[in-house]
1. Criterion first (in a helix (DSSP H, G or I) and in contact with a Phe, Trp or Tyr (Cβ under 8 Å, 6 or more places away or on another chain)) does residue 14 satisfy it?
2. Looking only at the stretch 20-46, count every residue that is over 24 Å from residue 226 (Cβ atoms), open to solvent by 20 Å² or more (accessible area, probe 1.4 Å) and not aromatic (Phe, Trp, Tyr) and tell me the total.
3. Filter the stretch 314-339 for residues that are under 23 Å from residue 37 (Cα atoms) and at pLDDT below 90 and give the result.
4. Taking the stretch 42-80 as the region of interest, how many residues are more than 16 Å from residue 164 (Cα to Cα) and β-branched (Val, Ile, Thr)?
5. For the stretch 23-32, check the following and say yes or no: at least one residue is more than 14 Å from residue 141 (Cα to Cα), away from the ligand (no atom under 12 Å from the Cβ) and in a helix (DSSP H, G or I).
6. Return the residues of the stretch 292-313 that are modelled with pLDDT under 85 and over 14 Å from residue 337 (Cα atoms); say none if nothing qualifies.
Amino acid sequence: MSKREFQTEVSQLLQLIIHSLYSHPEIFLRELISNSSDALDKLRHLTLTDDAYKSLPFDPRIDLELDEEHKTLTISDTGIGMNEEDLVANLGTIARSGTKNFLSQLSGDAKKDSNLIGQFGVGFYSAFMVSDRVEVVSRKAGEEKAWRWVSDGKSGFELEPAERTVAGTTVLLHFNEEGKDYANSWRLQEIVKKYSNHIAFPIFLTYDKSEWNEAEKKSIKTRTTEQVNAASALWRRPKSELTDEDYKELYKSVSGDWEDPLFWFHTKAEGSLEYTTLFFVPAKAPLDLYQTEYKVGVKLYVKRVFILDDSKELLPQYLRFIRGIIDSEDLPLNVSREILQQNRILTSIRTASVKKILSELKNIAEKQPEQYLKFITEYNRPLKEGLYGDFANRETLLDLVRFKSTKVEGITSLADVKSRMKEGQKSIYYITGGAESLLRTSPLLEIYKKKDLEVLILDDDIDEIVFSGIDKYGEIDLKAVSKASTSEDLKDEAEPDKAEALKPLLDKLKATLGDQVKDVRASVRLADSPSCIVSDEEEPSMKMQQMMRAMGQKDIPAPKPTLEINPDHEIVKKLLARPDDAMATDAAWLLLDQALLMEGVPLQDPATFVQRLNRVLNVSI
Ligand code: ADP
């Protein structure tokens, strides 16, 4: 027998699991059954697709055996099994990168944390919440040797050769004080029904059943084996036969989530392609939503046979929060990951599924605004990613995303903005490039306020990239307020052209600021501020250029702002009348620097800025 230490992270994790999650210890059974079901799925897949496994017996089942007297429970499966190496790797170390995250995310709130267990796949260790000793005997399919892994969940584990007649895994739990309550057949049946009813394989419970014996006038215990789950692929049943409870239960078993889903969309397609999809939207965005190594939430089945659950091809990346099932009649069972990437059938299913999900969401937005608000609060941002990547569905996505605005509290849709447009208004306007407070006080908004035009506040860091590529909502132009060309909506017919009068000052400013600016112009967009920065229509904005440089695109030329000057502002008027002296030079630079600051662009030379400011202050105080 060899004794091994746990990897440090495992010990840490075990401590956390045991100490922070004991208010819902019953999930240990869900986790172990789901491991068994995965192991059966894997073996089934191999026997169907791999010649080396074709001749192996496959009699899929999961057996729970309860020994009430000794307070033990075994969970056995006839799945893929593990050899010595697998046992060490799977039950002694933590291979997943997500687990470090798991450790950092634990909140101490037992309900939330038990949810995390499923999401991060640390399920097996939950056995130690209810056991003071766990033994695993496993034999890998296609191999002769079996191994026993034993641990008290504290220091480490022991490993020794063992016997097992068929391939598969048996987990033996010696219940601890906390776990004793589970040495009860009613309790176990109840838990299996709650979490594992739709596991595709039969789950049997063997226990001592008490039955009243009329002849002997007492109840007698007989060892009995009964199937305790429905074992049906619930998604294949007609919608009319399914209750909300069925859906919620299935969701919890496929997602590992503790809460009910927000919505589900169940579709059976018949025709040139036959498939069933059942998609769920979790009430809370998955914690790994913004990690590159996010866990895929959709499982692929072919004719009810599980194929895989880790293909990022099943749905576009921006819908990675969706959980559920795609079950196809037409794909071959031996479809491989590589084939999936360009498989025509899957492409069609995927295209139709995306359309379905988006149109259902649109429907909810129209008919159940309160529910939709819950949805969009969690998922506005991934939908915006879709605007960037999913060209075919852009129109629908534009209707689904929501925005902050200068005209409403909370959030608003483009359709609502459209309905609020003023008589004769040509475009919808938005501002990007910084935090909400910075955007709301931007000088660029002054003219819109004056003219009572609505402006959308796009303060999400991806807004800049996403919306710079979208110039229409239906027939209406979408315009950034920072772009130089002024829209017809801003032109004031009655105003004489002030640029002409301002020309001497503009020339002076150009001469002073030299190559720090691209151009200096008279502005029609300013009311209260003396100056602002704009960028050309075809150019990335200042903020975007900053972002591109931060992302490593070093070779883009240094941004050159175009400075706009407010002809009606007191400072500008005074400057126009003023002789060309040192004070005028300071003022010119201060007009540029304050405009850059309002754009959220850091000054290149703050020291000189402060010196100028002080010189000007000195004169005016
Ligand atoms: P997860 O199941 O999320 O990967 P677990 O900690 O529950 O995390 O299990 C770790 C690994 O141990 C699994 O990925 C699997 O490879 C292996 N394993 C666990 N239980 C079984 C089992 N009954 N049969 C075969 N392999 C198993």
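1. Values: in a helix (DSSP H, G or I): yes; in contact with a Phe, Trp or Tyr (Cβ under 8 Å, 6 or more places away or on another chain): yes.
So residue 14 fits the description; yes.
2. Here the count works out to 6.
3. Hits for the stretch 314-339 are 329, 331, 332, 333, 334, 335, 336, 337.
4. The total comes to 3.
5. Yes: one or more hits.
6. 292, 293, 303, 304, 305
This table checks each residue for (1) open to solvent by less than 60 Å² (accessible area, probe 1.4 Å); (2) of a type outside the set (Asp, Glu); (3) outside the structural domain of residue 62 (by TED's automatic domain parsing); (4) closer than 25 Å to residue 188 by Cβ.
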site	(1), (2), (3), (4)
215	no, yes, no, no
219	no, yes, no, yes
239	no, yes, yes, no
243	no, yes, yes, yes
248	yes, yes, yes, yes
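Residues are listed down the side, and each one gets a yes or a no for (1) more than 31 Å from the chain's Cα centre (by Cα); (2) at negative phi; (3) in contact (Cβ under 8 Å) with a residue 24 or more places away in the chain; (4) surrounded by 14 or more Cβ atoms within 10 Å (Cβ to Cβ):
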site: 390; (1), (2), (3), (4): no, yes, yes, yes
site: 396; (1), (2), (3), (4): no, yes, yes, yes
site: 400; (1), (2), (3), (4): no, yes, yes, yes
site: 417; (1), (2), (3), (4): no, yes, yes, yes
site: 433; (1), (2), (3), (4): no, no, yes, yes
site: 438; (1), (2), (3), (4): no, yes, yes, yes
site: 441; (1), (2), (3), (4): yes, yes, yes, no
site: 447; (1), (2), (3), (4): yes, yes, yes, yes
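The values are calculated or read from the model by the stated rules, or taken from the named source; none is laboratory data. Fair warning: this is a prediction, and the values are worked out from it, not measured in the lab. Virtual Cβ from ideal backbone geometry, glycine too; neighbours counted across all protein chains shown. Accessible surface areas use protein heavy atoms only, side chains included; no ligands, DNA or RNA. Shrake-Rupley method; radii C 1.70, N 1.55, O 1.52, S 1.80 Å.
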